[in-house]
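Heads up, the thing below is written out as structure tokens.
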Amino acid sequence: CWSKLYKPGEAKNGCVLNGKLYPFGNIARTEDCYRCSCSATSMECCSLFFTPISYDKEKCKVIFNKKSCNYDVVQKDDPSQECFVYSRV
């Protein structure tokens, strides 16, 4: 999770994240797969995804899937085949 503090009057129309304006209030899902809360004083966001850290790095690779807001871990030689992930953070 992360937060951004705004100076008085800086966020008068909402919060900007990666060039996109989001309205005040709760945002269920941004284009970059975060759940956020936007106010005139701050924007607070947490990711909707978990990063794989333990998998077979010799045979597999990690690809971010924006549609599902998750990382897919697939075989390097055959990306249609998923790899087993031991843990995510």
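Details
- Boolean, E58 is of a type in the set (D, E, K, R) and under 30 Å from N13 (Cα atoms): no
- Taking the stretch 13-35 as the range and being out of contact with any Phe, Trp or Tyr (no Cβ under 7 Å at 6 or more places or on another chain), buried (at least 16 other Cβ atoms within 10 Å of the Cβ) and farther than 19 Å from Y71 by Cβ as the test, the residues that pass are L17, Y22, I27.
- V85 satisfies every condition listed in (1) within 22 Å of W2 (Cβ to Cβ); (2) open to solvent by less than 50 Å² (accessible area, probe 1.4 Å); (3) assigned to a loop (DSSP other than H, G, I, E, B) except (1).
- Among residues of the stretch 36-55, those that are more than 30 Å from D72 (Cβ to Cβ) and open to solvent by 50 Å² or more (accessible area, probe 1.4 Å), counted: 2
The values are calculated or read from the model by the stated rules, or taken from the named source; none is laboratory data. These numbers were taken from a predicted model, which means no experiment stands behind them. Don't worry about glycine lacking a Cβ; one is built from the backbone with ideal geometry, like all the others, and counts go over all protein chains shown. Accessible surface is based on the protein model in full, side chains and every heavy atom, while ligands, DNA and RNA are left aside. Shrake-Rupley method; radii C 1.70, N 1.55, O 1.52, S 1.80 Å.
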